[in-house]
Amino acid sequence: MKTTHLPLPSPAPGMQRHLTVHEYGDGPRKAYLQAGLHADEWPGLLTLQHLMEKLDTLEQAGQIRQRIVIVPFANPVGMNQRLFGKFPGRFDATTGQNFNRGMSLSTGALTHRVGHLLNAEADQNDVQVRAALRQLVEEKPAHYEIEALHKALLSQSIDAHLMLDLHCDDHALPHVFYGDHQRPIGTQLADCLGFAIRLEEDVRGTVAFDGSHTQPWITLAENTGKPFAEPCFAATVELRGQKDVSDALARQDAEGLLTFLEQQGFVSNSGATAQPQQGDTLSINVDQVKVITSPANGLVVYHRALGDWVDAGDLLAEIVLLDSHRPERVQVPAPASGRLFSQTNTFLTSPGASIGMIASKDQQIQPGTQLSY
């Protein structure tokens, strides 16, 4: 394994942050995995530690077949956000920007730069596109620290053939996001992890880090009509909730990730197996997810558990009003039928705040729209 420390611009006198990058193997194909882009989401940090232990063993045995790049903590900027013992970690303190938004490359600039170079040879087209993507990343401005962070991450990931971004929800069942144009590989990933809930998204709209890697390829294919051999597959892997940090779960998830890497040809003879799935498979588009919002200020009390199937109108939760003259509650009926797969762990809520998500069978939002900020 080769380890590199990429320095980030100093945010203040006497301060210097860096990204740690571990690289295994060699070969024409590249897999990239990172965790902690939202610095308050920790299960992936432990999962990658367990995965690296397995990769260390495979490297010693000569079983790494392609390049595998691991960024064990993707956001040292957010990790430094410690406010009275709490770790906000989701938004940049200088710009207010979500760390997992706003880093996509200009697909128009990519088409202008490389479109005329493409031909009928898919392999050659791949080389041209990856070179152009690297150039566009190099040219990205980095006036703010968050921009420098995004540029450093993209410099390691944008030319990958496989990119996995490990996240978690507040309190949730495990699930995975991937482009709806990459269903076979997304299904394979979910099967290896044992994740029953698979959320497919249109990456032509607003995208997070994962979509920043797939959006250029699908847009270029539509604009030029040229073939590609292996566009980047990218996914966001949601490892349950913030408090689901344990060696048992991390080993299980690392095993699933390693199985996927082996099935994709990056390692061999790993001994890893696909993880058992809990619950029936539910594959839907992201626009079929209904975000449940609070109608009032107060404490959330849930009446349904994660994984429950609910019908529209069922009592899902209540908001206990704390400032009424007498004990009073506001009911929160299920706004759609489906499986409750996410809940908040911020029980003191306010009007409009997200308190859960339901995977439904009907369209709830416009395609290409992000679920939450």
So, relative contact order of the chain in percent, Cα under 8 Å, 6 or more apart, is 17
Rounded to the nearest Å, the spacing of the alpha-carbon centers of segment 293-335 and segment 232-254 is 29
Segment 284-373 accessible area per residue, 1.4 Å probe, protein heavy atoms, integer Å², reads 51
Within the set Glu41, Glu121, Glu230, GNM on the chain using Cα springs under 10 Å gives the largest fluctuation to Glu121
Computed, not fitted: 222 nm per-residue ellipticity of the chain from DSSP H runs ≥ 4 (each -39500 (n - 2.57)), nearest 500, equal to -8500 deg cm²/dmol
Simple SL model, points at 7 angstrom along Cα→Cβ for Met15 and Ser246; separation in nm is 3.6
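Over segment 127-181, with the other protein chains present, what is the accessible area per residue in square angstrom, probe 1.4 angstrom?
34
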Rounded to one decimal in nm, the spacing of the 7 Å Cα→Cβ label points at Val330 and Gln363 is 3.0
Ranking Arg339, Arg251, Arg67 from most to least accessible area with a 1.4 Å probe gives Arg251, Arg67, Arg339
Dipole check, the chain, charges on Cβ (K,R +1; D,E -1), about Cα centroid: among Pro174, Tyr24, Gly78 the Cα furthest to the positive pole belongs to Gly78
Under the rule rounded for a/c under 1.5, else prolate if a/b exceeds b/c, else oblate, using alpha carbon gyration tensor axes a ≥ b ≥ c, segment 1-135 is classed as oblate
For segment 195-281, the convex hull over Cα atoms projects on average to an area in nm² of 7.7
Quick tally, 1.4 Å probe accessible area for Glu53, Glu262, sorted with the most first, runs Glu53, Glu262
Rounded to the nearest 5, the percent of DSSP beta bridges in segment 1-141 running antiparallel is 70
Cross-link reach from Lys86 to aspartates and glutamates, straight Cα distance under 20 Å and at least 8 residues apart if same chain, gives Asp40, Glu41, Asp169, Asp170, Asp244
Answer check: segment 279-373, Cα atoms, Kirkwood Rh, Rg/Rh ratio of 1.00
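The values are calculated or read from the model by the stated rules, or taken from the named source; none is laboratory data. Quantities reported herein were computed from a predicted structural model and do not represent experimental measurements. Because the Cβ atoms are built from the backbone with ideal geometry, glycine has one as well, and the counts that use them run over all protein chains shown. Note: accessible area is taken over every heavy atom of the protein model, side chains too, but ligands, DNA and RNA are not part of it. Shrake-Rupley method; radii C 1.70, N 1.55, O 1.52, S 1.80 Å.
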